[in-house]
1. Using only the heavy atoms of the protein chains and a 1.4 Å probe, how would 98, 30 rank by accessible area, largest first?
2. If DNA, RNA and ligands are ignored and the probe is 1.4 Å, what is the ranking of 103, 141 by accessible area, most exposed first?
3. How much length is gained if the chain between residue 28 and residue 116 is pulled fully straight, taking 0.36 nm per residue apart and subtracting their Cα-Cα distance, in nm to one decimal?
4. How much length, in nm to one decimal, is gained on full extension between residue 16 and residue 155, taken as 0.36 nm per residue of separation minus their Cα-Cα distance?
5. Estimate the FRET efficiency between residue 59 and residue 163 by the formula 1/(1 + (r/R0)^6), using the beta-carbon distance for r and 25 Å for R0, to the nearest 0.05.
6. What's the carbon and sulfur percent of region 57-148's accessible surface, probe 1.4 angstrom, rounded to a whole number?
Amino acid sequence: MKIEFLNKILLAIIIFLLLVIAGGTIIAKISPKKSQDPHVLIASGKAENLAKPADTSDVTYFELGTLRISTLNEDEENMMGVGMVLSPWLAYPAGDSIFYEELMRKKGLLRGIFLQYFSEKTKEEILSISEEATIEKLKTLVNNELSLGKTSDIYFTDYLFLE
């Protein structure tokens, strides 16, 4: 009799815990998310990046976000290269909403172009190439992937090496 009573209490506790977990899961799925990704907020116009280049009536800028890259290692002793932080912006014609949608759809691919370009070079190679040559090469690589328009320029709000 005592064991049956303890089993009923244990069963009631298990059922209560399952209901709490199920209820919490349902509430978490139903409730709106309070903190969104900053890139989503910026893209939807609910937030603005304070470091971005200034839009004009002719040109608007598309942020690819902050990229953290490891450059190619410079010597045999160092297994990893130097860390690098980039924040690229693509300039495109203002008001071109169709091209903006393509940029949004291909954002991951465009980020990959920057990641691949810089991760295949050592720090010395990156520093030895002029900024203009780097931008022209990246513009060519980016524009080759775009079909509804072309970026007119690339700007960096961050371009740092981490030692």
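1. 30, 98
2. I get 141, 103, largest accessible area first.
3. 27.9 nm
4. Roughly 44.4 nm would be gained on extension.
5. 0.15
6. Ligands and nucleic acids excluded, carbon and sulfur reach 50 percent.
The values are calculated or read from the model by the stated rules, or taken from the named source; none is laboratory data. Worth saying up front: this structure is predicted, and the values here are computed from it rather than measured. Reconstructed Cβ throughout: ideal geometry from the backbone, glycine too, with neighbour counts over all protein chains shown. Accessible surface areas use protein heavy atoms only, side chains included; no ligands, DNA or RNA. Shrake-Rupley method; radii C 1.70, N 1.55, O 1.52, S 1.80 Å.
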